[in-house]
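Everything below concerns the one structure shown next.
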Amino acid sequence: MDQSTGFMPLVCESASESSEDDQAGPCLAPGAACSCVEGDLSHDDMRKLAAKFEHECLTKDGLFPKYDRREYKDDKLAKQDSVDCSRAIKVYVDMRPQELKRIDDENEQFGLVFVLKLWWRDPRLKNFKAQLCIEKEAPNTAPFLEEIDVVVRELHEDGTLVFEDFQKLGSRQTRKKHEYVSISPPKWENHFFPKHTFINQVDAEAQGGIHIAERQLLWCNEAGGVVEYKAKYDRVFEETLELKEFPMDRQLCRVKLTAESPVSDFQFIAIDTCRRLSKVTDMWETSKEEDHPECIVYVRHVDRILPSSNMIQRSLVNMVLHVRRKPDFFYHSVWLMVALINGISLCSFAIRPSHHSGRLSYLSTCFLAVLAYRYIINDSLPKKSYTTYADQYIISACAFQAVLCLWSSILMFCWRVSEDQDEHLDPDTRGRIVAADVAALGLATFAFILLNCQLLSWWRIARFHSWQEVYERTTNKEPYFPVDECKSCGGTFLSQQHCHADPNKRCQNSDCKQQNIHTHYLTPKNVPEDMRSALLPSLKDRLKRHGPADEVEEYLAAHA
Ligand SMILES: [Zn+2]
Ligand SMILES: [Zn+2]
Ligand SMILES: [Zn+2]
């Protein structure tokens, strides 16, 4: 009769101490092997990696100028070429999440409304033919609108237009914005567009889910035309959820944007890394931790060396939302109910020990009621090979019922072997059995109250995994700042994007080449700002250090 182990939810007992620990401290999660806690990589190591990357792989204006492709055969360099990316078009990208509409646990999807904005300068977008609409005044009649064919030579940001009439080319005219009605946009299909797709979008074929998508020519001159593209999306994305910690789990909701042309054609540059999410579905909340952003938008760093001559790299942008489930729903509608049923099952002790069948049928009813909650939870979650915390709680509640049933059976058995032929018990034996029953009631009640209170306090104060552990989950492997640590030679390297999640990757040290590598997935909180801006420079970071590189960046500094 060991009720305490039967009912014990598989939690660590030091729950009450956790409030003193800081977030990097030991975590309370049951069974979690914390192989890497923040701090086993020194900031100096990371700073060196980031500085090396910045020095070797980025120009001052944030462009990735070239990468090498080296093919090895039998450990000898067989083929090498380098890909020049210095003529790539810089595409500035901004993604602003607006509303996280829902997170669908069962299908592992989430719905998000967000705005995508792109800006770029197309060097060929100039001297194009267009229709200019002007107000014509003629004698003896009211003014009317006339469309004339023109060649646009310059369009200024304030709307001033320099053009030549198509009929008499060679004579330039200038009109201010109020001196003409409108100018038709260039034929977009003739010009550059940074083609992109969302990798993890559900039903990638569907073109739906875009509210608006428009292109606007901001200005054009001899250097080309600067275009702003704006699209508002309302779409569903896939994201594998790890639910071991359900209902107190944290998840990353990611939107993965990929360019459809290699980095030698165009490269994304993020405007700013930190973004806010204005509205979240009421079952979830955004991370409210100090110095951990709710949402980050970053361009994944590019690999300097690729291992195969037919690999190409594309520019990739990740938007990562950090969200945490509010356990209130589970707390009200599962924990409370199951605790009540367990409490009610303690009432079985009020049934006389001689009335065995009554006690057993009472307990089995309670057992079925607890079991029903297991189905309620299972219905809302995807099938996973592991048990969630909620499962563990329900299982321990079932075990509590089973122990009570077992105790009743033992009692029944003792009663049966002690009674005489007339089903009478001598008062001594009867007294002993009743005393044992009362003791069992006391023990069960004590275990019930203690463990539910502990669970309650644990939920209220527990801090679960650090975000780094969420980043490092096998289902996530969020490559914001991945660092390889070789367990054989002790070296640390910036992980390569094309193989950061490959379990068989080799050490980047050419003298070592062992497969004994642990990849740390660092979070924005682990990475000091100077390293962040060295490895993943957003326009904002770069403006702080160098000032704008050209008039496009000047414009974005003021408007984006
Ligand atoms: Zn942990
Ligand atoms: Zn090594
Ligand atoms: Zn790690």
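The values are calculated or read from the model by the stated rules, or taken from the named source; none is laboratory data. Because the structure is predicted, anything quoted here is derived from the model rather than measured. FYI the Cβ positions are ideal-geometry reconstructions off the backbone, even for glycines, and counts take in every protein chain you see. The protein model used for the area step is the full one, side chains on, heavy atoms only, and it has no ligands, DNA or RNA in it. Shrake-Rupley method; radii C 1.70, N 1.55, O 1.52, S 1.80 Å.
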**Report entry** strands (runs of 3 or more DSSP E) (entirely within the stretch 149-253) containing at least 3 residues that are surrounded by fewer than 19 Cβ atoms within 10 Å (Cβ to Cβ)
**Finding:** 161-165, 172-175, 210-221, 224-238
Report summary line: Taking the stretch 509-527 and keeping residues open to solvent by 30 Å² or more (accessible area, probe 1.4 Å) and either part of a strand (DSSP E or B) or not hydroxyl-bearing (Ser, Thr, Tyr) (or both) leaves Asn509, Asp511, Lys513, Gln514, Gln515, Asn516, Ile517, His518, Lys525
Query raised in the report: For Arg87, are the conditions met, namely being over 30 Å from Ser309 (Cα atoms) and in a loop (DSSP other than H, G, I, E, B)?
Result: no
Query raised in the report: Taking Val113, is it at pLDDT below 95, among the β-branched types (Val, Ile, Thr), in contact with a strand residue (DSSP E or B) (Cβ under 6 Å, 6 or more places away or on another chain) and closer than 21 Å to Ala270 by Cβ?
Result: yes
Requested in this report: Within the stretch 490-508, track down each residue that is of a type outside the set (A, V, I, L, M, F, W, C), within 14 Å of ligand 2 (Cβ to nearest atom) and open to solvent by less than 30 Å² (accessible area, probe 1.4 Å).
Outcome: Gly491, Ser495, Lys505
Query - Selection count, the stretch 57-77, where residues are farther than 29 Å from Gly224 by Cβ and open to solvent by 60 Å² or more (accessible area, probe 1.4 Å) - result: 7
**Report entry** Search result, residues across the stretch 249-269 that are among the aliphatic types (A, V, I, L, M) and in contact with a helix residue (DSSP H, G or I) (Cβ under 7 Å, 6 or more places away or on another chain)
**Finding:** Leu252, Ile269
Query raised in the report: Identify, please: which residue in the stretch 84-116 is touching a Pro at 6+ places or on another chain (Cβ under 8 Å) and surrounded by 15 or more Cβ atoms within 10 Å (Cβ to Cβ) and is, among those, farthest from Ile377 (Cα to Cα)?
Result: Cys85
Query raised in the report: Which ones in the stretch 490-508 are assigned to a loop (DSSP other than H, G, I, E, B), within 14 Å of ligand 3 (Cβ to nearest atom) and among the polar types (S, T, N, Q)?
Result: Ser495
Query raised in the report: Hey, any hits in the stretch 433-453 for a residue that's of a type in the set (Phe, Trp, Tyr) and either assigned to a loop (DSSP other than H, G, I, E, B) or within 16 Å of ligand 1 (Cβ to nearest atom) (or both)?
Result: no
